[in-house]
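Asks: The structure's right below; bear with me while I get my questions together.
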Amino acid sequence: MGFSYAPTAAVRTGAERATLVRRTYALVFASVLVTMLGTAFGFSQPAVMSAVGRNQIITFIAMIAPLWMVTRAPREFPRNLILTFLFTFVTGVWLSPVIAGAEHYSPGVTQQAALLTFGAFGVLTVYALVSRRDFSAWGSFFIVGLFVLIAAGLINMFMQSAAVGLWLAGATVLVFSGLLVFDTWRLVRSGTYGPDDYVLAAVQIYMDLLNMFVAILRLLGGNRR
């Protein structure tokens, strides 16, 4: 996603790089599990899920607040991990009414979206790992695409066009697939991260996965609200 920060020191050895990659992906998968717990909590508390559905802006602020705080102090252990898991848990709660609505119209669609997301994650990660290409130009290109998507999404909030919504969902999958390749390349090839920057790296990859999942869910569900 492209957070701006300066690493304390660049990764210098293969062992440091391997440790950084291992910690990053361990945190990514732990964050996914915490998100699932947050979603399960939402389903177990219908009043909470209903409140989340009615107050999307408040929930969004509650979700973004810990994310913003962790990007301000990404190396302060254990504060960085606590904030990361708080962010991913609230994200799961935020997802609960979205998933409930999707399952109401298309039972089983969540599992399909999850399988497609993790399948794409595996393929794109392997591509970024084995490719010798320089993906540095992908960052700015897909970030611009992300801003275009946001602008188009805001316009479609007023248009309420299901067809445009489906096109936007497809474009979202494309944009975040590109960002996933770029973020993976930055992790394993570039000198962007220091040895202790696994939290920032994990958050960026997690955000790529999250947005891909939501977009795929919308595509499979026909963009029903």
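The values are calculated or read from the model by the stated rules, or taken from the named source; none is laboratory data. If you're wondering where the values come from, they're calculated on a predicted model, not measured in any experiment. Positions of Cβ are generated from backbone atoms using ideal geometry, with glycine treated the same way; all protein chains shown enter the neighbour counts.
Asks: Test Phe176 against the stated conditions and say whether it is over 22 Å from Ser96 (Cα atoms), of a type in the set (A, V, I, L, M, F, W, C) and either modelled with pLDDT of 95 or more or assigned to a helix (DSSP H, G or I) (or both).
Replies: No: the conditions fail for Phe176.
Asks: Follow-up question, since we're still on this one. Among the candidates Val130, Val148, Val126, Val109, which residue alone is touching a residue at least 40 places away in the same chain (Cβ under 8 Å) and either farther than 16 Å from Ile216 by Cα or buried (at least 21 other Cβ atoms within 10 Å of the Cβ) (or both)?
Replies: One residue alone meets the criteria, Val109.
Asks: Give Ala51, Ala47 a once-over and let me know the one that is exposed (fewer than 14 other Cβ atoms within 10 Å of the Cβ), free of Cβ contacts under 8 Å to residues at least 24 places away in the same chain, more than 20 Å from the chain's Cα centre (by Cα) and in a helix (DSSP H, G or I).
Replies: Exactly one residue qualifies, and that residue is Ala47.
Asks: Could you pull out the residue among Phe142, Phe87 that is touching a Leu at 6+ places or on another chain (Cβ under 6 Å), in a helix (DSSP H, G or I) and farther than 27 Å from Ile58 by Cα?
Replies: Phe142
Asks: Testing Phe121 on (1) over 24 Å from Val52 (Cα atoms); (2) in a helix (DSSP H, G or I); (3) free of Cβ contacts under 8 Å to residues at least 24 places away in the same chain, one condition comes back false. Which one is that?
Replies: (3)
Condition check ((1) modelled with pLDDT under 95; (2) closer than 22 Å to Thr84 by Cα; (3) not in a helix (DSSP H, G or I)) across all residues:
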residue: Leu115; (1), (2), (3): no, no, no
residue: Met157; (1), (2), (3): yes, no, no
residue: Arg186; (1), (2), (3): yes, yes, no
residue: Leu209; (1), (2), (3): no, yes, no
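Asks: Note down all Cβ pairs under 8 Å where the first residue falls in the range 183-208 and is touching a residue at least 60 places away in the same chain (Cβ under 8 Å) and over 22 Å from Tyr127 (Cβ atoms), the second is aliphatic (A, V, I, L, M) and surrounded by fewer than 21 Cβ atoms within 10 Å (Cβ to Cβ), and they're at least six residues apart or on different chains.
Replies: Every condition considered, the pairs that remain are Gly194/Ala9; Gly194/Ala10; Pro195/Ala9; Pro195/Leu20; Asp197/Leu20; Val199/Leu81.
Asks: Here's another thing I want to ask about it. So which residues in the range 54-83 are more than 17 Å from the chain's Cα centre (by Cα) and within 16 Å of Thr39 (Cα to Cα), if there are any at all?
Replies: Gln56
Asks: Give just the number: which of (1) of a type in the set (Phe, Trp, Tyr); (2) surrounded by fewer than 13 Cβ atoms within 10 Å (Cβ to Cβ); (3) in contact (Cβ under 8 Å) with a residue 24 or more places away in the chain does Phe158 not satisfy?
Replies: With respect to (1) of a type in the set (Phe, Trp, Tyr); (2) surrounded by fewer than 13 Cβ atoms within 10 Å (Cβ to Cβ); (3) in contact (Cβ under 8 Å) with a residue 24 or more places away in the chain, Phe158 is out only on (3).
Asks: Hey, can you tell me all the residues within the range 122-175 that are among the β-branched types (Val, Ile, Thr) and within 13 Å of Asp208 (Cβ to Cβ)?
Replies: Those that are among the β-branched types (Val, Ile, Thr) and within 13 Å of Asp208 (Cβ to Cβ): Thr125, Ile143, Thr172, Val173, Val175.
Asks: Which one is surrounded by the most Cβ atoms within 10 Å (Cβ to Cβ), of the residues in the range 163-182 that are of a type in the set (Phe, Trp, Tyr) and in contact (Cβ under 8 Å) with a residue 12 or more places away in the chain?
Replies: Restricting to residues being of a type in the set (Phe, Trp, Tyr) and in contact (Cβ under 8 Å) with a residue 12 or more places away in the chain, the top hit is Phe176.
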